[in-house]
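Working notes, structure below.
The values are calculated or read from the model by the stated rules, or taken from the named source; none is laboratory data. Note that this is a predicted model, so its numbers are computed, not measured. Counting neighbours? That spans all protein chains shown, and the Cβs are built from the backbone with ideal geometry, glycine included.
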Amino acid sequence: MHGEIVTQRTCRVIYAGQIDYQTAWDWQRQLVADRSAGRCGDTLLLLEHPPTITLGRASHREHVLVTPDELARRGVTRVESDRGGDVTYHAPGQIVGYPILKLSQHGGDLGRYLRNLEETIIRVLAGYGLSGSRVPGLTGVWVATDGQQSAKIAAIGVRLSASGITSHGFALNVTTDLRGFEQIVPCGIRDRGVTSLERVLGSAPPLERVQAQVVQCFGEIFGVDLVE
C-alpha cells in the first residue's frame, strides 16, 4: 500500500550540493557496502550534477547523438553507469535523489520500489497543482504540456546489489536547461519530449523548496522519518 507510515524507521538525508557523477557513484558504492554490512542505516543522497550524459545497462550507444569530442568541447561528461535504463542527461537545476535502502525493509519487491519512487515525484508535482502520470511499460513520471502528449519530467534508473541494497534513483527537472536533452534520445524514447517544473509552471519554484518537498513525500511513501 502506498504511503504506509512506519514511524520507528529513520533514513538519513544528505544534501550534497553539486557533485560530479563519478564521485557520487563512488560514494554510493561505499554507502551500499556500509549498509550491507550494517555499518549505517538507510540514506537518501540529494544533489545536482554538472552537465553529464549517463548510459545505463540497457542503453544503446546510438542514443547519444553527439560525438565524444563534441561533448568534451561542450563540457559535458559521458559516463557508462551500472544503473538500469537507457541514456539520460543530468545538469544543474535538476534534483537527483539516490536512495541507499535495504529493500527487504521496504517490501522487498523491486517493481514496487520503482512505483514508489514514481509516487514520490507524483506527490511533489501535486503540490504545484500538476497531475503527474505514469506511462504503461515505461519507468518515470510524465506531465501533460499545453494539451499535447505528456512529456517526461522525472527519469528513474536504479540498481539492486547482490545483498539487496538499492542505489542510483531519480532525477527531477526543476530549472534544468532542457536543450541538453537534445544531445540524446532520452531514455531511448523518441516520440515523447522532456520538460521541467519551470517550463510547465511558467516560473521556477526555488530548488531548495522543491527539495524539501521531495524529502517530505519520500518519507511519506517509504514510511520513514528523514533526519539530517
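Can you find a residue that is among the hydroxyl-bearing types (Ser, Thr, Tyr), over 18 Å from residue 167 (Cβ atoms) and not in a loop (DSSP other than H, G, I, E, B) anywhere in region 48-70? Working first, answer last.
First, the residues of region 48-70 that are among the hydroxyl-bearing types (Ser, Thr, Tyr): 52, 54, 59, 67.
Now narrow it down to the ones that are over 18 Å from residue 167 (Cβ atoms): 67.
Next, only the ones that are not in a loop (DSSP other than H, G, I, E, B) stay: none.
No, because not a single residue in region 48-70 is among the hydroxyl-bearing types (Ser, Thr, Tyr), over 18 Å from residue 167 (Cβ atoms) and not in a loop (DSSP other than H, G, I, E, B).
May I ask you to list pairs of residues, at least six apart or on different chains, whose Cβ atoms are under 9 Å apart, with the first in region 100-112 being over 16 Å from residue 156 (Cα atoms) and the second being exposed (fewer than 14 other Cβ atoms within 10 Å of the Cβ) and hydroxyl-bearing (Ser, Thr, Tyr)?
Short answer, once both residue conditions are applied: 102/163.
Do we find that residue 81 is among the hydroxyl-bearing types (Ser, Thr, Tyr), in contact (Cβ under 8 Å) with a residue 40 or more places away in the chain and touching a helix residue (DSSP H, G or I) at 6+ places or on another chain (Cβ under 8 Å) in this structure?
Criteria met by residue 81.
Only residues in region 202-228 that are in contact (Cβ under 8 Å) with a residue 24 or more places away in the chain count as the first member; pair them with residues that are among the β-branched types (Val, Ile, Thr) and assigned to a helix (DSSP H, G or I), Cβ under 6 angstrom, at least 6 apart or cross-chain, and list the lot.
Partner pairs satisfying both residue conditions: 213/124; 214/124; 217/120; 217/124; 218/120; 221/120; 226/215.
So, in region 49-82, of the ones that are at pLDDT 95 or above and basic (Lys, Arg), which residue ends up nearest to residue 198 (Cα to Cα)?
Restricting to residues being at pLDDT 95 or above and basic (Lys, Arg), the top hit is 74.
If I filter region 208-228 down to residues being part of a helix (DSSP H, G or I) and of a type in the set (Gly, Ala, Ser), which single residue comes out as surrounded by the fewest Cβ atoms within 10 Å (Cβ to Cβ)?
Quick first cut of region 208-228, residues part of a helix (DSSP H, G or I) only: 208-222.
Still in the running and of a type in the set (Gly, Ala, Ser): 212, 219.
On the way: 212: 15, 219: 22.
So, considering only residues that are part of a helix (DSSP H, G or I) and of a type in the set (Gly, Ala, Ser), the one surrounded by the fewest Cβ atoms within 10 Å (Cβ to Cβ) is 212.
Could you please let me know if residue 161 is touching a residue at least 12 places away in the same chain (Cβ under 8 Å), in contact with a helix residue (DSSP H, G or I) (Cβ under 6 Å, 6 or more places away or on another chain) and hydroxyl-bearing (Ser, Thr, Tyr)?
Numbers: touching a residue at least 12 places away in the same chain (Cβ under 8 Å): yes; in contact with a helix residue (DSSP H, G or I) (Cβ under 6 Å, 6 or more places away or on another chain): yes; hydroxyl-bearing (Ser, Thr, Tyr): yes.
Criteria met by residue 161.
Considering only region 94-112, how many residues are touching an Asp or Glu at 6+ places or on another chain (Cβ under 9 Å) and either among the basic types (Lys, Arg) or buried (at least 17 other Cβ atoms within 10 Å of the Cβ) (or both)?
9
Considering each of 112, 159 in turn, give the residue that is out of contact with any Leu (no Cβ under 9 Å at 6 or more places or on another chain), assigned to a strand (DSSP E or B) and closer than 24 Å to residue 36 by Cβ.
On the way: 112 fails: assigned to a strand (DSSP E or B).
The unique qualifying residue is 159.
The conditions are (1) touching a residue at least 40 places away in the same chain (Cβ under 8 Å); (2) in contact with a Gly (Cβ under 6 Å, 6 or more places away or on another chain); (3) part of a helix (DSSP H, G or I), and residue 117 fails exactly one of them. Which is it?
Just one mismatch for residue 117, condition (2).
When residue 85 is evaluated against the numbered criteria (1) at pLDDT 95 or above; (2) crowded, with 20+ Cβ neighbours inside 10 Å, which criterion, by number, is the only one it fails?
So the condition that residue 85 fails would be (1).
Taking region 113-156 as the search range and keeping residues that are more than 18 Å from residue 197 (Cα to Cα) and in contact with a helix residue (DSSP H, G or I) (Cβ under 8 Å, 6 or more places away or on another chain), which one is surrounded by the fewest Cβ atoms within 10 Å (Cβ to Cβ)?
Of region 113-156, the ones more than 18 Å from residue 197 (Cα to Cα) are 113-116, 135-139.
Next, only the ones that are in contact with a helix residue (DSSP H, G or I) (Cβ under 8 Å, 6 or more places away or on another chain) stay: 113, 116, 138-139.
Details: 113: 20, 116: 19, 138: 14, 139: 20.
Looking at the filtered set, the residue picked out is 138.
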